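These notes are about the structure you will find just below.
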Amino acid sequence: MNDRPARPSPVAQALASDRLGASAVVFFVISAATPLTVVAGVVTTGYATTGLIGIPVAFVFVALVLALFSVGYVAMARHVANAGAFYGFVSRGLGKPFGVGASWIALLSYNLLQVGLYGAAGAAAAPLVAEWFGVELAWWVFALAFWLVVAVLGLQHVDINGKVLAVLLLAEVAVIMVYSVSNLAHPAGGEVTFDTLAPAELIGPGAGAILALAVLGFTGFESSVVFSEEVRNPRRTVAVATYVSLAAIGGLYAFASWAMSVATGPDNIVGESQAQSSELLFSLAGSQLGPGLATAGRVLFVTSILAAMISFHNTIARYMFALGRERVLPAVLGRTSPRTGSPVAGSSIQSGIGLVVIGLFALAEWDPLVHLFYWGGTSGGLGILVLIVATSFAVISFFARQPSGENLWQRMIAPALASVAVLVVLVLVLANFGTLLGTPPESPLPWLVPTIYGLAGLAGVLWALVLRIRRPLVYAAIGLGAKSPASLTGSTSGEEYRGTRL
Amino acid sequence: MNAPLADDLFFLAHDDRTGKRRLNERAAGFGLAGAVLAELLLAGRITVDHGRVRVLDPRLPRCEVLGPALRDIVAEPETRVVRDWLRYLGRDAYESVARRLLGSGQLRVVKSRFPWRPDTYEPVDINAAAWPAARLAGPVARLDPLEPGDVVLAGLVIATGLDRYVFYTASPDGRQYLERLIIELPAPLRVLVLETETAVGDAVLHHRM
């Protein structure tokens, strides 16, 4: 019988019950965004280092741009295996060499973001430890303590991480909302101002710097498509979850950063951020709401940074797992611990990288908050922006070759508009990178960082070309998520097999 | 006659000496579901065609694991991809295979000390439980032939990550030999093994494991 069954079969029902709904995806994405790290850490150091006040309106603008980008992104995710990584999209859309290049840029970016957080460990934990125990410890003591927690949890079953992150997320959002409402209720000079939400801030000099900070705040939004094969309604759930996440994240950050500027007054926000950096949010709360809520916020800041470290660590470990599975990187990375299901090789490597960097910064006595956290974070954010631009063009190219049943808005109009928008953002960011980093004019960093990304991408492209020559079967399977069409045609010829770990 | 595939995989998924589980729930589900499908394949009841499971012979085997599994496959109106059946059968594969082993007297229940912890199982004969590992590792190390059922079993061992316990002594030559054996399996069995491996890997990437 070819009629549709009147009721879903037991198998269909069983499969559906194992699948996720939009709220699970939204939860995951927002917890990957770790709100308090951004609001207390990125926003304040951003105000301080750039001297610009338009961060709140930048969040709104970037939320809209990313929503436009997501139209094509989510549509293409329905047709791409291995949807959890930008490099899958770039491989399918722009070709495998660029895909591998994108994967190396991604590994570099996520590692910068993750390792950069160790620089904030001291800033977050030191005030608490000084208050409770009266001891002053070097920043790297805290960084190492955080590192140990991340290294251990990274090897454990993901379930522990997921539940912990969920509880922390709810607490963070609650605290941010309470602080922000309180900030609005205590405006400097008695009047609520909207200066930091003025769109004009986006056109002034240095606009690229605040846009970069906003993009940094949103990193993690791209992870919604990881669940493309695990959701109940493949067509709608991921799309809805992505837009809801962008709205929630953008709204929360814009609201909180604007409220902070209202409480200090827009003319003082930069000065106060420079004076107090990440402490600013909590000292405002302390003077308005009392020490109890301020301390609660500081504690959640510590856990938020820890959660962000864990989240990026997991992303990197899984990225390496995906690449190892396809044998783009050594196959040993494609193994998991049978007991915990954790990608242990990738996890261990990332932990090793973190340890080396902490040691380096500690021995060289570089400033952890500015040089590690801020520069590391903003540089990492630049890499993510590059990946977004590449993916945006990949979407257009992919749908141009195979419309795949998506409508014109999703496959051409929105991606084209988005590509222009994100490309403009990227150009502005690169033009203002020096302002973003806050370096003196003669510093090499503003061109050094983009150059390093360029080299990483180039190295990836060259590696792909090497694979094409020396391991054509592996090359053919790049970006296909270990599902090669040849392996499923039923042929018994050994030549068509392209190997996973088998 | 060899023991059923899924029974062997069940023993391989537990430590020989302590009986503790070596494999997390989702991977165990996929692995044992793959083994059940392999048993049905080897019994000529189903085949895998362009990635989908198709019924060849709907007569239900008189086995408490295979009977219900084939019944569900026959009753399903759509021809589904292997991954769907791995997910569906994987939900109770562990308990189902354990029940079969309990019924044949090879497993016994160990009552849990705490009411909130589930009961566990331990083999009745420890040597019999350790046999599948020896039966696979020996010939691979010596590059000797393996029966098709054992090649499939070895493939599922690799797919679930249990190879670190079974083939840890294997030389690179041994590993390559094993990989070649798996590649040379008939297409339906080969696809089944690959799909199981992909399902386990995807569960890692999709944060379901």
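The values are calculated or read from the model by the stated rules, or taken from the named source; none is laboratory data. For clarity, every value in this text was computed on a predicted model and none was experimentally measured. Note that each Cβ is placed from the backbone with ideal geometry, even for glycine, and that neighbours are counted across all protein chains shown.
Where in the stretch A:77-183 are the helices (runs of 4 or more DSSP H), entirely inside, with at least 2 residues that are under 30 Å from A:R411 (Cα atoms)? It would help to see each step written out before you state the result.
Values: elements: A:86-94, A:96-133, A:139-154.
Because the criterion is at least 2 residues that are under 30 Å from A:R411 (Cα atoms), the helices (runs of 4 or more DSSP H) in the stretch A:77-183 that meet it are A:86-94, A:96-133.
Yes or no: A:V356 of a type in the set (V, I, T), free of Cβ contacts under 8 Å to residues at least 60 places away in the same chain, surrounded by fewer than 23 Cβ atoms within 10 Å (Cβ to Cβ) and within 24 Å of A:F89 (Cα to Cα)? Even if it seems obvious, please write down each step before you answer.
Details: of a type in the set (V, I, T): yes; free of Cβ contacts under 8 Å to residues at least 60 places away in the same chain: yes; surrounded by fewer than 23 Cβ atoms within 10 Å (Cβ to Cβ): yes; within 24 Å of A:F89 (Cα to Cα): no.
No; evaluated as a whole, the condition is false for this residue.
Can you tell me which condition B:R91 does not meet? The list is (1) touching a Pro at 6+ places or on another chain (Cβ under 8 Å); (2) facing chain A (nearest Cβ under 9 Å); (3) within 19 Å of B:A199 (Cα to Cα), and all the others hold.
(1)
On the basis of being crowded, with 24+ Cβ neighbours inside 10 Å and either away from chain B (no Cβ under 14 Å) or over 22 Å from B:A27 (Cα atoms) (or both), does A:I305 make the cut? Full working, then the answer.
On the way: crowded, with 24+ Cβ neighbours inside 10 Å: yes; either away from chain B (no Cβ under 14 Å) or over 22 Å from B:A27 (Cα atoms) (or both): yes.
For A:I305, the condition - crowded, with 24+ Cβ neighbours inside 10 Å and either away from chain B (no Cβ under 14 Å) or over 22 Å from B:A27 (Cα atoms) (or both) - is met.
Take the stretch B:1-32 and flag every residue that is surrounded by fewer than 18 Cβ atoms within 10 Å (Cβ to Cβ) and closer than 14 Å to B:E95 by Cβ.
Selection gives B:R21, B:E25.
Would you check which residues across the stretch A:45-82 are polar (S, T, N, Q) and over 19 Å from the mean Cα position of the chain (by Cα) and list them?
Here is the first cut: in the stretch A:45-82, the ones polar (S, T, N, Q) are A:45, A:49-50, A:70, A:82.
Result: A:T49, A:T50.
Listed here are the residues, each with its yes/no results for (1) touching a Phe, Trp or Tyr at 6+ places or on another chain (Cβ under 6 Å); (2) at pLDDT 95 or above; (3) not in a loop (DSSP other than H, G, I, E, B).
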{"residue": "A:E406", "(1), (2), (3)": "no, no, no"}
{"residue": "A:W409", "(1), (2), (3)": "no, no, yes"}
{"residue": "A:A416", "(1), (2), (3)": "no, yes, yes"}
{"residue": "A:L423", "(1), (2), (3)": "no, yes, yes"}
{"residue": "A:G434", "(1), (2), (3)": "no, no, yes"}
{"residue": "A:T439", "(1), (2), (3)": "no, no, no"}
{"residue": "A:A456", "(1), (2), (3)": "yes, yes, yes"}
{"residue": "A:V461", "(1), (2), (3)": "no, yes, yes"}
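Restricting the search to the stretch B:151-209, which residues are β-branched (V, I, T) and either under 24 Å from A:E229 (Cβ atoms) or at the interface with another protein chain (Cβ under 7 Å from one of its Cβ atoms) (or both)?
Applying the first criterion (β-branched (V, I, T)) to the stretch B:151-209 yields B:151-152, B:157-158, B:160, B:166, B:169, B:182-183, B:191, B:193, B:196, B:198, B:200, B:204.
Of everything in the stretch B:151-209, those that are β-branched (V, I, T) and either under 24 Å from A:E229 (Cβ atoms) or at the interface with another protein chain (Cβ under 7 Å from one of its Cβ atoms) (or both) turn out to be B:I158, B:T160, B:I182, B:I183, B:V191, B:V193, B:T196, B:T198, B:V200, B:V204.
Rundown of residues vs (1) among the hydrophobic types (A, V, I, L, M, F, W, C); (2) more than 19 Å from B:V191 (Cβ to Cβ), yes/no style:
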{"residue": "B:E64", "(1), (2)": "no, yes"}
{"residue": "B:R80", "(1), (2)": "no, no"}
{"residue": "B:L89", "(1), (2)": "yes, no"}
{"residue": "B:R100", "(1), (2)": "no, yes"}
{"residue": "B:D125", "(1), (2)": "no, yes"}
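Before we move on, is B:V97 at pLDDT 95 or above and touching a helix residue (DSSP H, G or I) at 6+ places or on another chain (Cβ under 9 Å)?
Answer is yes for this residue.
For the stretch B:118-141, enumerate the residues that are exposed (fewer than 15 other Cβ atoms within 10 Å of the Cβ) and of a type outside the set (S, T, N, Q).
Listed by number, the residues that qualify are B:P118, B:D119, B:E122, B:V124, B:D125, B:I126, B:A128, B:A134, B:G138.
Could you give me the residue pairs with C-beta distances under 8 Å whose first residue belongs to the stretch A:382-409 and is among the hydroxyl-bearing types (S, T, Y), whose second residue is part of a loop (DSSP other than H, G, I, E, B) wherever it lies, and which are 6+ apart or on separate chains?
If the second residue must be part of a loop (DSSP other than H, G, I, E, B), the pairs left are A:S404/A:R78; A:S404/A:H79.
Residue by residue through the stretch B:40-82, note down the ones that are free of Cβ contacts under 8 Å to residues at least 24 places away in the same chain, among the charged types (D, E, K, R) and more than 14 Å from every other protein chain (Cβ to nearest Cβ). Steps first, answer last, please.
Taking the stretch B:40-82 and keeping what is free of Cβ contacts under 8 Å to residues at least 24 places away in the same chain, we get B:43-44, B:50, B:55-62, B:67, B:71-72, B:74-78.
Those left that are additionally among the charged types (D, E, K, R): B:57, B:59, B:62, B:71-72, B:76, B:78.
Across the stretch B:40-82, the qualifying residues are B:D57, B:R59, B:R62.
Checking A:G359 against (1) more than 23 Å from the chain's Cα centre (by Cα); (2) under 30 Å from B:A199 (Cβ atoms), which test does it fail?
(2)
Pairs needed: first member in the stretch B:106-122, under 16 Å from B:E95 (Cβ atoms) and without any contact (Cβ under 8 Å) to a residue 60 or more places away in the chain; second member anywhere, among the β-branched types (V, I, T) and assigned to a strand (DSSP E or B); C-beta distance under 7 Å; at least 6 residues apart or different chains.
From residues that are under 16 Å from B:E95 (Cβ atoms) and without any contact (Cβ under 8 Å) to a residue 60 or more places away in the chain, the pairs are B:S112/B:T120; B:D119/B:V109; B:D119/B:V110.
B:D144 - would you say it is modelled with pLDDT under 90, surrounded by fewer than 19 Cβ atoms within 10 Å (Cβ to Cβ) and acidic (D, E)?
no
Answer yes if at least one residue in the stretch A:224-238 is more than 14 Å from every other protein chain (Cβ to nearest Cβ) and crowded, with 16+ Cβ neighbours inside 10 Å, and no otherwise. Write out each step before concluding.
In the first step, residues of the stretch A:224-238 are kept if they are more than 14 Å from every other protein chain (Cβ to nearest Cβ); the result is A:233, A:235-236.
Imposing the further condition that a residue be crowded, with 16+ Cβ neighbours inside 10 Å reduces the set to none.
No, there is no match, as no residue in the stretch A:224-238 is more than 14 Å from every other protein chain (Cβ to nearest Cβ) and crowded, with 16+ Cβ neighbours inside 10 Å.
Within the stretch B:83-98, which residues are under 13 Å from the mean Cα position of the chain (by Cα) and hydroxyl-bearing (S, T, Y)?
The answer is B:Y94, B:S96.
Taking the stretch B:21-47 on its own, how many of its residues are more than 17 Å from B:R99 (Cα to Cα) and not in a helix (DSSP H, G or I)?
Residues in the stretch B:21-47 being more than 17 Å from B:R99 (Cα to Cα) and not in a helix (DSSP H, G or I): 8 in total.
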